Amino acid sequence: MIAFRNVRVELIRLMGICLFAGGSVPVAVAGDTGGVEEFKKAVAPVLDDYCIRCHDADTKKGGISFDSADPSALIANREQWNKAVKVLRAGLMPPKGRARPTAQQIDGIVTWVEESVFHIDPKNPDPGRVTIRRLNRVEYRNTIRDLMGVDFNTDVEFPADDTGHGFDTIGDVLTLSPLLLEKYIAASRTIIAKAVPTVPWVVAEKRIPGKRFVTSGKPATGGGRFGFNSDVLSLSYYKGAAYTNEFDCQQTGKYQLVVDLTANEQYVDNQFDYNKCKWTFKVDGKPVLEKEYSRQGGRPYRYDLDVDWKAGKHELAVEIQPLTKERQIRNLTLRLQGVTVRGPMAKEHWVHPVNYSKYFPAKVPDDAAGRRKVAQTILSAFAARAYRRPVDDASVEKLARLAEATYTQPGQTFESGVARAMTVIIASPRFLFREEGTVPAKAGEHPLIDEFALASRLSYFLWSSMPDDELFRLARNGELRKNLPAQITRMLADPKSGEFVRQFTGQWLQARMLDNIQINAFAVIARENVPDPKAQARQSRFRELVRKPSEKLTEAEKKELETLRKTAFQFGGRGRGRGGFGPRIELTPDLRRAMRRETEMAFEHVLKGDISLLELLDADYTFLNAKLATYYGIPGVTGDQMRLVKLPKDSPRGGILTEGTTLIVTSNPTRTSPVKRGLFVLDNLLGSPPPPPPPDIPPLEKAMGSKDGKPLTLREQLAIHRASPVCSSCHNRMDPLGLALENFNALGRWRDKEQGHEIDSKGELITGESFASVKELKKILVTDRKLDFYRCLTEKMLTYALGRGLEDFDTKAVDDIVNRIVAADGKPSALISGIVESTPFQRRRAEETDPTPPPAGSHPAAIQEHQ
C-alpha cells in the first residue's frame, strides 16, 4: 500500500505543478496612464453621445457606468469593457429606438479596448495560460486503440469527465481523483495483458464462427433477433436442423476442438417453456458429443474435444432435434458461438502469438547484454509513441531495468518482462497527461510549442487521439509547422475525423444529451388538442380497469380493457403534410440515433465539403432515413440508410434550429420551452447569452391562467412573465427566438395549434429585425447576424481546441479568425486553419515553464508491486 501511494504522490505532484504553472494575466491598475489620452480623445466622446444617458454614475443600468472622474480607474475595469465590446458588436446597445454609433466608431472602440485595456500586443500576443491536460475518456479510449489495437470501454470502466465552458476537453476540470488513478493502473494491466504476448510460442488456433456453418450449401442465417451481423448460429428447440463446416487441416497430428455454446430463452412474464432438444456435434460424420437441453436461461457451455487428424479436409457438423412437443411459450434457442481448432499440439508446430511481431520485431538474444539492448530498443520506441515525444536515455534505462528484473525471475519470459514495463508506461503521467515542450525564444517573447506538442494539439483537436506515423515523422524532421495546410486536409479526410464531428457537435449542440432527454409523448400531444370529453371518459375508464386486479376482471371487462388499450390514448393525423401523425407517437432509440446522426452528418457535410458555414443555419436539405423522414412528415424517403435529402420548397426544416436534436434537448418533458430554445440560440449560435435569472423569479407555470375560457398559450404566458421589469431585459432577447420555433412541439414534430390556439411564430429581435416564421428568422441569422454566428462558432471551437476558456486577451485572435472566415465566404477550412495557426494554438506564455512529469522510470517499482 505504501508503494502504491508513491504512484499517487507522483501524479498529485504533477497536478500541483500543472495548476500553478500558468503566469498571471497582465492587468491594468488604477493610476496607469497608458491609453488615457486616447480614451479622452476618441472613446469618451462616443460614450457621451450614445451611452452615458443610461450608464452614468447615477443611473448605472446593468451595473455599468462609464462616468468616472478617474479615467485610469475606468480603463482598469477589464470585465466591464469586455461586456461593452460584446454588446456593441451584437447590436444590443444602445437599445432599439436610440441613436447608435457607426460601424467605424464601434471598430475604433474595439481597437482601443484591445490595445489599452486588454494590453494585446499585436507583435507578441498573449497565448493564454495552459493547464496540462489529462486525456478525457474519449481521448484515452482512442489513444489506446491507436497505440495498442485494443478497444477499451472507458464509458464503463471510468467515471464521467467533468465539463467546463460546455466541453470535456478543458484542462482545469480534468482532475485526477484517487479512484480514477486506481482505475488507470487497473486499466493498464488489462490492456497490456490483452494486447502484448507474454510467451514467444503458442499452439496454433483458428476460430470458425458459428455463422460459417451452412445447411444444404446455404450460409447460416445468423443471430436471429440479435441481428444478422452476429457471428453466431441460432438453432431453435422446435425444429430439426443440421449445419456443417469443412476444415482444411494442413498437417497431421493431435488437435483440440473447443466448442462454445449458449442456451438462451426469450423471457415471458410468469410463464415457462418446458420443451427439450437434443444437440449433437459430429466430426467426419461420427457423433463425438451428444447433449440434451431444456430452458437454461442464457447459460454458457464449453466443450473440449481431442481428435487425431491426418492432413486433409475434415467435416464438422452440428445437429438439433426436438425431444418434446409442449406448447411453445418462450423462444428457446441454442446459439453456437463458434468452434476453435487448436493444433497440431506438438511443439515443433507451434507459432508466434497474434501481434507478436508488432511488439517483438527482432529475435530475442540468449545473452543478458543482448536482451537488455533489445528491451531498450523496444521500450524506447513504445514509450516515444505512448508519450507522444522522444524519451530520454535515463527513462529508457529505468524501464529496461524493470523489464530485466521481471524476465530474470524463475518462470518468467523476456516477453512478460517487457509487457510489465509497458504497463508502467501507459500508467505514467507522461501518457495520461499531454506533456508539451517549447522552442527557444527571445527574452520576453512567447515561445512556439515544439513540433511534437503541435502534433498532439493537432491530432487531439481533429481526431481526439494521438498523432499517427505521418505526424510523428514530420515532427521528428521539424517539418510539421510548414506543412500544416496539407496535414489539416489529410486529417479531415481521414475517417478518424469523425470523432471531431461527434464530440464537437455532441457538446456544442448538446447532441450527446439526446439519448437521456425524457419526453412524455402523451402530455406533449395532449397540449395540441382541444380537450375531448369522450376521450377523457375513455381514458378515465382505462385507468379504472387497469388498476383492477386481473383475476377480478369479468370477461366483458377484459375485452373492454383490450379495446381501450388500443384506443384510449390515440390522436388522429392532421396538419399540412408536415408532421401529421397516426395513432401512436414514440420517440424510439432508433429515432434518437437518427436525429443525432442528422446533426452530425449536416456538420460533416459542411466541414468536409468546405461549403459555407451558414448552411448550418439554413439549408434546403437535411439528412434522413425512412423512419426520421416519416416522423418529420417528409415523403419519398425509403430505407434505413441516413442520406442527404432535398427538402420540399415549403418545408420549414433545414439547419440546426429545426433538427430534432435541437428541438428536443431544448424542451421540457411535457411541453416546449421558448426560454430554453431562445437561450440555446443566444448561447450557441449568436454568442450573447443573457445573465442567469435572479433566484426569486417564479416559474413560468405561475403565469398560467385562461382567457375566454381557453388556456393561455405559451406566448401569452411569457408575456405575463415578461411584464416584470426584472424579467423583461433578458426575456425580450430570448422569447422572440424561442417563440419562432413554437410550431415544433417538444417531440420535434410540426404542429399548427396548441390547446385550440393557432401557433403564432412571428416576432422581432431586440436588434430590430422582424420575422413572420422560423424560415424568415433563419434568413435573418444568415444575413444580418452572420458575423455574430461566425464569432460564436469560432469561440466555441477555439475553446474546444485549446482546452481552456477564452479570456479578454483572446479577442484579437478571435477577430483574426473571423476575418479569415469572412474573406473565404464562410468556408470552414478558414475556421480550422485559423484556429490551428492562431497564437493561442501555436504558443505558450513566456513565463510558463513546462511542468515536466516525473521520468518514466521514477515509479515502476510502485506500480509493479501494486500489480
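The values are calculated or read from the model by the stated rules, or taken from the named source; none is laboratory data. What you are looking at is a predicted structure, and each value in this text was computed from that prediction instead of being measured. Every residue, glycine as well, gets a Cβ built from its backbone with ideal geometry; the counts of neighbours run over all protein chains shown. The accessibility values were calculated without ligands, DNA or RNA, using every heavy atom of the protein model including side chains. Shrake-Rupley method; radii C 1.70, N 1.55, O 1.52, S 1.80 Å.
Quick rundown of the values:
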{"item": "Unmet requirement for T252, which otherwise passes all of (1) at pLDDT 95 or above; (2) under 19 Å from Y303 (Cβ atoms)", "result": "(2)"}
{"item": "Enumeration of residues in the range 631-667 that are closer than 18 Å to L587 by Cα and either assigned to a loop (DSSP other than H, G, I, E, B) or charged (D, E, K, R) (or both)", "result": "G633, I634, D640, M642, E659, T666, S667"}
{"item": "Residue within the range 608-617 that is open to solvent by 10 Å² or more (accessible area, probe 1.4 Å), in contact with a strand residue (DSSP E or B) (Cβ under 8 Å, 6 or more places away or on another chain) and either at pLDDT below 95 or outside any helix (DSSP H, G or I) (or both) present", "result": "no"}
{"item": "Lone unmet requirement of (1) surrounded by 14 or more Cβ atoms within 10 Å (Cβ to Cβ); (2) out of contact with any Gly (no Cβ under 8 Å at 6 or more places or on another chain); (3) of a type outside the set (A, V, I, L, M, F, W, C) for E348", "result": "(1)"}
{"item": "Flag if E415 is open to solvent by less than 20 Å² (accessible area, probe 1.4 Å), acidic (D, E) and at pLDDT 95 or above", "result": "yes"}
{"item": "Among the candidates E445, E435, residue that is open to solvent by 20 Å² or more (accessible area, probe 1.4 Å), of a type in the set (D, E) and within 32 Å of the chain's Cα centre (by Cα)", "result": "E435"}
{"item": "Scope the range 188-199; condition surrounded by fewer than 16 Cβ atoms within 10 Å (Cβ to Cβ) and either of a type outside the set (K, R) or assigned to a loop (DSSP other than H, G, I, E, B) (or both); matching residues", "result": "T190, A193, V199"}
{"item": "Residues located in the range 647-667, provided they are touching a strand residue (DSSP E or B) at 6+ places or on another chain (Cβ under 6 Å) and open to solvent by 50 Å² or more (accessible area, probe 1.4 Å)", "result": "none"}
{"item": "Top-ranked residue of the range 777-829 - restricted to ones that are of a type in the set (V, I, T) and touching a residue at least 60 places away in the same chain (Cβ under 8 Å), ranked as nearest to P127 (Cα to Cα)", "result": "T811"}
{"item": "Count - residues of the range 820-856 that are modelled with pLDDT under 95, surrounded by fewer than 22 Cβ atoms within 10 Å (Cβ to Cβ) and more than 20 Å from G128 (Cα to Cα)", "result": "2"}
{"item": "Residues of the range 463-486 satisfying the condition of being crowded, with 23+ Cβ neighbours inside 10 Å and part of a helix (DSSP H, G or I)", "result": "L471, A475"}
{"item": "Those residues of the range 744-759 which are at positive phi and not in a loop (DSSP other than H, G, I, E, B), in sequence order", "result": "none"}
{"item": "Subset of the range 397-430 [in a loop (DSSP other than H, G, I, E, B) and not hydroxyl-bearing (S, T, Y)]", "result": "Q409, P410, G411, Q412, A427"}
{"item": "Every pair of residues 6+ apart whose Cβ atoms lie under 6 Å, when the first sits in the range 360-371 and is open to solvent by less than 80 Å² (accessible area, probe 1.4 Å) and at pLDDT 90 or above while the second is outside any loop (DSSP other than H, G, I, E, B) and of a type outside the set (A, V, I, L, M, F, W, C)", "result": "P365/R371"}
{"item": "Any chance K779 is surrounded by fewer than 18 Cβ atoms within 10 Å (Cβ to Cβ) and modelled with pLDDT of 95 or more", "result": "yes"}
{"item": "Residue that is farthest from W81 (Cα to Cα), among those in the range 109-147 that are in a loop (DSSP other than H, G, I, E, B) and polar (S, T, N, Q)", "result": "N136"}
{"item": "R791 vs. criteria touching a helix residue (DSSP H, G or I) at 6+ places or on another chain (Cβ under 9 Å) and assigned to a loop (DSSP other than H, G, I, E, B)", "result": "no"}
{"item": "Pairs where the first residue, in the range 148-165, is open to solvent by less than 90 Å² (accessible area, probe 1.4 Å) and the second is of a type in the set (S, T, N, Q) and part of a loop (DSSP other than H, G, I, E, B), C-beta under 6 Å, 6+ apart", "result": "D161/N136"}
{"item": "Subset tally (residues that are under 21 Å from F522 (Cβ atoms) and open to solvent by 70 Å² or more (accessible area, probe 1.4 Å)) for the range 549-565", "result": "3"}
{"item": "In the range 631-646, the residues that are under 25 Å from P674 (Cα atoms) and either over 27 Å from the mean Cα position of the chain (by Cα) or open to solvent by 80 Å² or more (accessible area, probe 1.4 Å) (or both)", "result": "G633, I634"}
{"item": "Which listed residue is basic (K, R) and part of a strand (DSSP E or B), from K358, K363, K313, K325", "result": "K313"}
{"item": "Residue within the range 334-344 that is more than 30 Å from N275 (Cβ to Cβ) and either within 39 Å of the chain's Cα centre (by Cα) or open to solvent by 50 Å² or more (accessible area, probe 1.4 Å) (or both) present", "result": "yes"}
{"item": "Filter result for the condition that a residue is open to solvent by 10 Å² or more (accessible area, probe 1.4 Å), over 32 Å from the mean Cα position of the chain (by Cα) and modelled with pLDDT of 95 or more, over R490, R420, R430", "result": "R420"}
{"item": "Any hit, the range 228-236, residues being outside any helix (DSSP H, G or I) and modelled with pLDDT of 95 or more", "result": "no"}
{"item": "Single residue of R481, R457 found to be under 21 Å from E795 (Cα atoms), modelled with pLDDT of 95 or more and in contact with a helix residue (DSSP H, G or I) (Cβ under 7 Å, 6 or more places away or on another chain)", "result": "R457"}
{"item": "Residues being within 47 Å of the chain's Cα centre (by Cα) and open to solvent by 80 Å² or more (accessible area, probe 1.4 Å) - total across the range 272-290", "result": "3"}
{"item": "Single residue of the range 760-776 satisfying the filter (part of a helix (DSSP H, G or I) and in contact (Cβ under 8 Å) with a residue 24 or more places away in the chain) that is nearest to D620 (Cα to Cα)", "result": "K775"}
